[in-house]
Amino acid sequence: MSSATATPAQLHLVLGDEELLIERAVAAIVGQVRTASATADDVPVSRLRAGDTSPAELAELLSPSLFAEDKVIVLEAAAEAGKDAVTLLLDAASAPPEGFTLVVLHSGGGRAKAMVGALQKSGAVVHECVKLKAGERSDFVRGEFRTAGVRASPEVIQVVLDAVGSDLRELAAACSQLAADTGGKVDVAAVQRYYSGKAEVSGFDVAEFAVSGDRVAAMEALRWAMLRGVPHVLLADALADAVHTVARVASAGRGDPFRMASELGMPPWKVKKAQGQARGWRPETIGAALGVVAQLNADVKGAAADPDYAVEFAVRRVSELRG
């Protein structure tokens, strides 16, 4: 059956709290309904928050239409719904009126947590929109480039993440902009050219200078990062990642980066870079640096009275340990 005539599912559960993914899921559902509807763009979409809607208002909205017109109801923040609202919603979900498409946005927790399982039992189509983990953001960026018609190398993807950060909306915009501005030829130089301002304060440059032993450059980059408001936690995470990467690569010994990549769970270019950085480290200095970043992790999460000083001390100490 073609997309123009296929009947869309009437019940959808958008599960998670990643805003960009939620927006995209809802837009795709509405688009599917409008494509299949005879009235196309005239299909109305009603959005309401579960916690701000009375049971009476919800009951009226969920009541069958006399003429069975197509419409989409998007119930936001369903995890906040009260007992009466949950009962009405689940009743409607068990047998949606003709022409209705019900889209429930649920974080997965909250006081109405049990609603998730009930909706799944009712046959809801589940759209996973949970916050992405660090490793999953690489796949997200790769997918954004693929959608834009760009084949991006692992190194380009990592540089984009380092330069732009973890916000999916910003990452999506960056991928789209890079694809448009470069005619689809996105390389590391292009990313650095367009996003050098952010890359300077991402924390990753600070960490690379530190593990390379360039104390002056590391401290200068750190001051710029702090001046521009990079959170202490992100600076600490970047330094910890760099030290742990050097430690893992150094302990693995010398070898072919491509062979070692699968064993270490990192891209070959990252292994090769860490091999160069590891040459100036000894087992005892690596051990000391691991202790420094472990302490810094605690310091930036409340253990230190002055987190600025804690970060500066850690960056300086790691640079000195590298020598």
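The values are calculated or read from the model by the stated rules, or taken from the named source; none is laboratory data. Everything numeric here is computed off the predicted structure, so don't read it as measured data. Ideal geometry is used to build each Cβ from the backbone, glycine not excepted, and the neighbour counts take in all protein chains shown. Areas reflect the complete protein model, heavy atoms only, side chains present, ligands, DNA and RNA absent. Shrake-Rupley method; radii C 1.70, N 1.55, O 1.52, S 1.80 Å.
In a helix (DSSP H, G or I) and of a type in the set (Lys, Arg): is that true of Arg254 in this structure? Criteria not met by Arg254. Applying the criterion of being closer than 22 Å to Ala59 by Cβ and at pLDDT below 90 to the residues of region 100-118, the residue that is most open to solvent (accessible area, probe 1.4 Å) is Arg111.
If we scan region 262-275, do we find a residue that is of a type outside the set (A, V, I, L, M, F, W, C), within 13 Å of Val211 (Cα to Cα), surrounded by 17 or more Cβ atoms within 10 Å (Cβ to Cβ) and modelled with pLDDT of 75 or more? It would help to see each step written out before you state the result.
As a first pass, look at region 262-275 and keep what is of a type outside the set (A, V, I, L, M, F, W, C): 262-263, 265, 267-268, 270, 272-273, 275.
Next, from what is left, pick out any that are within 13 Å of Val211 (Cα to Cα): 273, 275.
From the residues that got through so far, the ones that are surrounded by 17 or more Cβ atoms within 10 Å (Cβ to Cβ) too are 273, 275.
Those still in the list that are modelled with pLDDT of 75 or more too: 273, 275.
Yes, region 262-275 contains at least one residue that is of a type outside the set (A, V, I, L, M, F, W, C), within 13 Å of Val211 (Cα to Cα), surrounded by 17 or more Cβ atoms within 10 Å (Cβ to Cβ) and modelled with pLDDT of 75 or more.
Ala252 falls short on exactly one of the conditions (1) out of contact with any helix residue (DSSP H, G or I) (no Cβ under 7 Å at 6 or more places or on another chain); (2) open to solvent by 30 Å² or more (accessible area, probe 1.4 Å), and that condition is (1).
Evaluation of Lys121 against the conditions (1) out of contact with any helix residue (DSSP H, G or I) (no Cβ under 6 Å at 6 or more places or on another chain); (2) open to solvent by 40 Å² or more (accessible area, probe 1.4 Å); (3) under 15 Å from Leu75 (Cα atoms) shows that the sole unmet condition is (3). Could you say whether any residue in region 119-135 is in contact with an Asp or Glu (Cβ under 8 Å, 6 or more places away or on another chain), among the charged types (D, E, K, R) and within 30 Å of Asp241 (Cβ to Cβ)? Checked region 119-135: at least one residue is in contact with an Asp or Glu (Cβ under 8 Å, 6 or more places away or on another chain), among the charged types (D, E, K, R) and within 30 Å of Asp241 (Cβ to Cβ).
Do we find that Gly265 is under 19 Å from Glu320 (Cβ atoms) and not hydrophobic (A, V, I, L, M, F, W, C) in this structure? Walk me through it before giving the result.
Details: under 19 Å from Glu320 (Cβ atoms): no; not hydrophobic (A, V, I, L, M, F, W, C): yes.
Judged against the criteria, Gly265 is not a match.
For first residues located in region 299-323 and farther than 15 Å from Val233 by Cβ, partners that are part of a helix (DSSP H, G or I) and of a type in the set (Ser, Thr, Tyr) and lie 6+ apart or on another chain with Cβ distances below 8 Å form the pairs Leu321/Thr285; Arg322/Thr285; Gly323/Thr285.
Flag set for Glu128, criterion: touching a strand residue (DSSP E or B) at 6+ places or on another chain (Cβ under 9 Å), over 30 Å from Glu69 (Cβ atoms) and either at pLDDT below 85 or loosely packed, with under 13 Cβ neighbours inside 10 Å (or both).
A count restricted to region 144-182 and to residues that are touching a residue at least 40 places away in the same chain (Cβ under 8 Å) and either open to solvent by 70 Å² or more (accessible area, probe 1.4 Å) or in contact with a strand residue (DSSP E or B) (Cβ under 9 Å, 6 or more places away or on another chain) (or both) stands at 3. The single condition among (1) aliphatic (A, V, I, L, M); (2) within 30 Å of the chain's Cα centre (by Cα); (3) under 18 Å from Gly213 (Cα atoms) that Ala288 does not meet is (2). Please pick out the residue among Val311, Val300, Val249 that is of a type in the set (A, V, I, L, M) and modelled with pLDDT of 90 or more. Just one listed residue meets the conditions, Val311.
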